[in-house]
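Asks: Provided herewith is a single structure, encoded as structure tokens, for subsequent inquiry.
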Amino acid sequence: MQLFIVLLGATLGFIYSYNTDGFIFSSNICLFAGLTMIMPSLFKVRLSDVKLVWEYRITIIKSLFLNFVLLPVFAVIIGLITRDYGIAAGIFLLSVLSGGGMVMYWIKKSGGDTSLGFIILFINLLLVSLSFLMLHLFGIYTESYFSTLYTEDANNMSSYARLVVMLLIVIPFVTSRVIILIKPLAAFIETYRTYISNASIFVILFYLFGLQSTQSLVDIFDLEPELAAISLVAVIVFYLLDLLAARFMFNLDSPQEKAAFWHSATRYITLALVLSTFSMKAFGVSMLLPIMFAYLIQIPFAILLDKKLEQNDKQLQV
């Protein structure tokens, strides 16, 4: 269902952009994403759960190492091989944004520890500023390799960092604490959370693919169609390396490590797409390609992975 929503939103947005002047970018889309996608996931984060950070510190450390050290290294290597600045930046952005809107669904469905899952989710959201900083450093240290002028561009990531932190972290967290006190409203959002999430994904994708800047994707498919194939292969290789590393690092017989595993095996694609709107001017519109393909790969990949884990659990119970 979510894959259909993704394809429908992106397709309709692209058609709108192609047949009109397209939308003009507004940072309000980040606020919308923060309030409809990130904020509801913070409801179940309780201060009392902080003790889990120390109790399962080794699992959390392994998760952070994988998501902020190992996967970015993989992404840099893959990106350099593609020899395209935008594709490389898109892969790198995916590598530093773990989890996603459905990560808690996969954790719960596969028998993972949801309490620790929410803690890891919250930690990763707090580290969005680190993810943005890492993308900025990626731009600085690879500009000579790709022969670009990233540091001389006024649109580089450093100019947006504070805005991103406010819209995606501070405001959603403060709002979640207020709504928790309004129990009927909190209960309503929890009850219809899946519908709210799917609707927000559609709106975000329709808007982002309806931007004036995405019209340049037509030029890519017309003039450099090979970039689509390169991007698809790069994303597949990245997910395979991601899965192998996560499978090697975490013991899936442990509910806690299974929660950390899902936070590594899946990427926060919609958040990557939102952040890419700040980044396309610096890295190029081809940055959208790996994020687009990530939707097509991750959702079926997560479904197959969940079925595989379910089969393994049944075999252990026999």
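Asks: Determine which single condition R57 fails, assuming it passes every other condition in (1) in contact with a Gly (Cβ under 9 Å, 6 or more places away or on another chain); (2) more than 26 Å from S279 (Cα to Cα).
Replies: R57 satisfies all of (1) in contact with a Gly (Cβ under 9 Å, 6 or more places away or on another chain); (2) more than 26 Å from S279 (Cα to Cα) except (1).
Asks: Just name the residue that is nearest to H263 (Cα to Cα) out of those in segment 66-98 that are of a type in the set (S, T, N, Q) and under 17 Å from the mean Cα position of the chain (by Cα).
Replies: S98
Asks: Somewhere in segment 185-194, is a residue closer than 25 Å to L7 by Cβ and at pLDDT below 85?
Replies: yes
Asks: Could you please let me know if G90 is within 21 Å of P40 (Cα to Cα), touching a Phe, Trp or Tyr at 6+ places or on another chain (Cβ under 9 Å) and either surrounded by 24 or more Cβ atoms within 10 Å (Cβ to Cβ) or of a type in the set (A, V, I, L, M, F, W, C) (or both)?
Replies: In short, no.
Asks: While we're on this one: I269 passes all but one of (1) touching a residue at least 60 places away in the same chain (Cβ under 8 Å); (2) farther than 22 Å from L125 by Cα; (3) of a type in the set (V, I, T); which number fails?
Replies: I269 satisfies every listed condition except (2).
Asks: Taking the criterion of being among the aromatic types (F, W, Y) and in contact with a Gly (Cβ under 9 Å, 6 or more places away or on another chain), would at least one residue in segment 244-262 satisfy it?
Replies: yes
Asks: Still on this structure: Regarding M134, is this residue at pLDDT below 85 and of a type in the set (A, V, I, L, M, F, W, C)?
Replies: No.
Condition check ((1) closer than 23 Å to V45 by Cβ; (2) over 17 Å from the mean Cα position of the chain (by Cα); (3) surrounded by fewer than 19 Cβ atoms within 10 Å (Cβ to Cβ)) across all residues:
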{"residue": "I182", "(1), (2), (3)": "yes, yes, yes"}
{"residue": "E190", "(1), (2), (3)": "yes, yes, yes"}
{"residue": "F209", "(1), (2), (3)": "no, no, no"}
{"residue": "F221", "(1), (2), (3)": "no, yes, yes"}
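Asks: Spot the failing condition for I204; the list is (1) surrounded by fewer than 17 Cβ atoms within 10 Å (Cβ to Cβ); (2) out of contact with any Gly (no Cβ under 7 Å at 6 or more places or on another chain), and only one is missed.
Replies: Against the list (1) surrounded by fewer than 17 Cβ atoms within 10 Å (Cβ to Cβ); (2) out of contact with any Gly (no Cβ under 7 Å at 6 or more places or on another chain), I204 comes up short only on (1).
Asks: Taking into account only those residues within segment 1-53 that are hydroxyl-bearing (S, T, Y) and within 17 Å of the chain's Cα centre (by Cα), which is modelled with the lowest pLDDT?
Replies: Among residues in segment 1-53 that are hydroxyl-bearing (S, T, Y) and within 17 Å of the chain's Cα centre (by Cα), the one modelled with the lowest pLDDT is S41.
Asks: Could you tell me which numbered condition V73 fails, if it satisfies all but one of (1) β-branched (V, I, T); (2) in contact with a helix residue (DSSP H, G or I) (Cβ under 8 Å, 6 or more places away or on another chain); (3) modelled with pLDDT of 85 or more?
Replies: With (1) β-branched (V, I, T); (2) in contact with a helix residue (DSSP H, G or I) (Cβ under 8 Å, 6 or more places away or on another chain); (3) modelled with pLDDT of 85 or more applied to V73, the lone miss is (2).
Asks: Condition first: in contact with a Phe, Trp or Tyr (Cβ under 8 Å, 6 or more places away or on another chain) and over 15 Å from I38 (Cα atoms). Now tell me which residues in segment 204-214 satisfy that.
Replies: F206, Y207, F209, G210, L211, Q212, S213, T214
Asks: Quick one: which of I24, I38, I15 is surrounded by fewer than 20 Cβ atoms within 10 Å (Cβ to Cβ), of a type in the set (V, I, T) and either within 23 Å of K108 (Cα to Cα) or without any contact (Cβ under 8 Å) to a residue 60 or more places away in the chain (or both)?
Replies: I15
Asks: Taking segment 78-94, which residues are touching a Leu at 6+ places or on another chain (Cβ under 9 Å) and assigned to a helix (DSSP H, G or I)?
Replies: I78, T82, G86, I87, A88, A89, G90, F92, L93, L94, listed by residue number.
The values are calculated or read from the model by the stated rules, or taken from the named source; none is laboratory data. From a predicted model like this one, the values you see are computed outputs, not experimental measurements. Glycine gets a Cβ as well: all are built from the backbone with ideal geometry, and neighbour counts include every protein chain shown.
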